[in-house]
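Structure first, commentary second.
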Amino acid sequence: MKNRGKFILFEGISGSGKTTQAKIFSRSLKASYFKEPPQKGDFSFIREIVTKKNLDALTEFFLFLSQRRYIYLEIEKVLKKGKNVILERSFPSSYVYQFDLGKLRKIISFEEFSLIDKRARNFLEPDKIFVFDIDPKLALKRIKVEKHKYEKLKILKKARRSYLNYAKKFSWTIINANKNLEEVTEEVLKFL
């Protein structure tokens, strides 16, 4: 896309501060802010289903793909106008929670999994992916709302390891989210 806006993705376990940083940078970069799964509006029902129901990993993945397709088509429109986009959570979360933790790897190869996901995203890739890395115990202290099935210490530890493995594999930028808000913001700024 010629003269397209910047597309930046914020990832990490719950309580890592990615929401706070995504909102800070969506304001400072005058960027459109998107979240997967959305908490309001179209496809917001998916968050409710996935966090409350005990679904198998493939069902969760397909639910996320449906809303991902919708969101990425919207993101494409914004980028084509030359505007910036900040997205909170996306395909790295599916790698971690459905493929690794959900054991989807037992029924589908990573190549197949990744290709299906890329097709849902219309092969649109972020310009930059930040993974906010935090000690899971600190993350749990930061979570103020009612915790859902993925917000348990054992799961957060596994998810953190998985995020770090993918970050190394795909050269995503790891941000030390154990620091205070201002320090984390400064660290993100170094890479923009």
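Any residue in the range 145-163 that is closer than 24 Å to K23 by Cβ, surrounded by 13 or more Cβ atoms within 10 Å (Cβ to Cβ) and more than 17 Å from the chain's Cα centre (by Cα)? Talk me through it step by step, then tell me what you get.
In the first step, residues of the range 145-163 are kept if they are closer than 24 Å to K23 by Cβ; the result is 145-148, 150-151, 156, 159-160, 163.
Narrowing the set further to residues that are surrounded by 13 or more Cβ atoms within 10 Å (Cβ to Cβ) leaves 147-148, 150-151, 156, 159-160, 163.
Subset that is more than 17 Å from the chain's Cα centre (by Cα): 147.
The answer is yes; a qualifying residue exists.
Restricting I116, I129, I174, I86 to residues that are touching a strand residue (DSSP E or B) at 6+ places or on another chain (Cβ under 8 Å), within 18 Å of F64 (Cβ to Cβ) and either in contact (Cβ under 8 Å) with a residue 40 or more places away in the chain or not β-branched (V, I, T) (or both) narrows the list to I129.
Within the range 50-65, residues that are without any contact (Cβ under 8 Å) to a residue 60 or more places away in the chain and among the β-branched types (V, I, T) reach partners that are part of a loop (DSSP other than H, G, I, E, B) and crowded, with 19+ Cβ neighbours inside 10 Å with beta carbons closer than 8 Å, at six or more positions or on different chains, in the pairs V50/P37. Answer with yes or no whether V78 is among the aliphatic types (A, V, I, L, M), closer than 21 Å to K128 by Cα and either at pLDDT 90 or above or out of contact with any Ser or Thr (no Cβ under 8 Å at 6 or more places or on another chain) (or both). Yes; evaluated as a whole, the condition is true for this residue. Only a single item in (1) without any contact (Cβ under 8 Å) to a residue 40 or more places away in the chain; (2) closer than 19 Å to R105 by Cα; (3) touching a helix residue (DSSP H, G or I) at 6+ places or on another chain (Cβ under 6 Å) is not met by L164, and it is number (3).
Among the criteria (1) under 22 Å from L181 (Cβ atoms); (2) of a type in the set (V, I, T); (3) modelled with pLDDT under 95, the one V131 does not fulfil is (3).
The values are calculated or read from the model by the stated rules, or taken from the named source; none is laboratory data. On a predicted model such as this, the values are computed, not experimentally measured, just so you know. Quick reminder, even Gly has a Cβ in these numbers, built from the backbone with ideal geometry, and neighbours come from all protein chains shown.
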